[in-house]
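J.: Starting off with a structure, shown below.
The values are calculated or read from the model by the stated rules, or taken from the named source; none is laboratory data. Quick caveat, the model's predicted, so the values are computed rather than measured. Backbone-built Cβ (ideal geometry, glycine too); neighbour counts: all protein chains shown. Just the protein is used for accessible areas: all its heavy atoms, side chains included, with ligands, DNA and RNA removed. Shrake-Rupley method; radii C 1.70, N 1.55, O 1.52, S 1.80 Å.
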Amino acid sequence: MTLAISKDTLDEAVRILHRAQETRTPCPPLRERLLPVGDVASAYAVQRAMTQDAVAHGRRVVGAKIGLTNPVVQKQLGVGQPDFGVLFADMAAWDGAEVDVTRLLQPKVEAEVAFVLGRDLPYEQVTVADVIRATDYLLPAIEIVDSRIAGWDISIVDTVADNASSAMFVLGNQPVALSSVDLRLCGAVLEHQGEPVSVGSGAACLGNPVHAVAWLAATMAQAGTPLHAGDVILSGALGPMVPVTPGASYEARITGLGTVRTAFTPGTKR
């Protein structure tokens, strides 16, 4: 496929995002730079270039995340489908560990269901049965999302180029079989210092997180980067994301999956 984006534009977008991350200073939106304006394919080209650079510098890809699974959020950004980004091993934090907030720019947290694959999913057409057969186990997860774009002033193009606004993730430690839980009906509560700040359900994630993983598997296979056994998949937010308060702790409780916790160091980020 021939992309409209030029090499100079691609390289400049990568430099802008790298600079924002390295200096912890958010950058202006990228959407006017990626021509034609609003071209999602060009945004994914930026994401791929950043992924290739990261791998070249020793980072290890361990899976993928799905974003924009909520129809309300899709409507806000004027899109009709989810997006995806790449997960690296150095993005993972232990359950209950304190995250250094100075690593981040303007972080938020959300409760999600993580799928860990036991089989490859190389198909360009994926069924729910394929996902069920390929899933080894589930874990409760907290995704720490972040945006290199100032003020979270993002369009679909901005978030895709910025690796789907990903930053870190925290996984629970007790694996659960997919067959033991109805993900469509599972409820989720995200608590801040013991008080609920976000509630949701599996139905809010494309009707069922399994549907989100099926979409991701097909989309990544079509892009030539299929999912593999061992990959961790963050299947999408079950409820609204919540801005992080430095020094605070958060716990996600998901019906049938258990709990997962994270905390953040106090102090200013810059």
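J.: With respect to residue 164, is the statement that it is open to solvent by 20 Å² or more (accessible area, probe 1.4 Å) and within 22 Å of residue 91 (Cα to Cα) true?
T.: Taking the combined requirement at face value, the residue does not satisfy it.
J.: OK, next. Which members of the stretch 231-250 meet the condition of being crowded, with 20+ Cβ neighbours inside 10 Å and either over 27 Å from residue 214 (Cα atoms) or basic (Lys, Arg) (or both)?
T.: Correct list: 244, 250.
J.: Let me ask something else. Given the conditions (1) part of a loop (DSSP other than H, G, I, E, B); (2) surrounded by 12 or more Cβ atoms within 10 Å (Cβ to Cβ), and given that residue 84 satisfies all but one, which numbered condition is not satisfied?
T.: Single failed check for residue 84: (1).
J.: Find the strands (runs of 3 or more DSSP E) located wholly in the stretch 178-270 whose residues include 2 or more that are polar (S, T, N, Q) and either touching a residue at least 24 places away in the same chain (Cβ under 8 Å) or within 18 Å of residue 127 (Cα to Cα) (or both), and list them.
T.: 195-201, 258-264
J.: Which one of these does residue 147 not meet: (1) part of a loop (DSSP other than H, G, I, E, B); (2) open to solvent by 20 Å² or more (accessible area, probe 1.4 Å); (3) at pLDDT 95 or above?
T.: All conditions are met except number (2).
J.: Further question on the same structure: Given the conditions (1) closer than 20 Å to residue 92 by Cβ; (2) crowded, with 16+ Cβ neighbours inside 10 Å; (3) out of contact with any Cys (no Cβ under 7 Å at 6 or more places or on another chain), and given that residue 265 satisfies all but one, which numbered condition is not satisfied?
T.: It is condition (2) that residue 265 fails.
J.: Which of the residues belonging to the stretch 1-60 are of a type in the set (Ser, Thr, Tyr) and open to solvent by 70 Å² or more (accessible area, probe 1.4 Å)?
T.: 2, 23, 25, listed by residue number.
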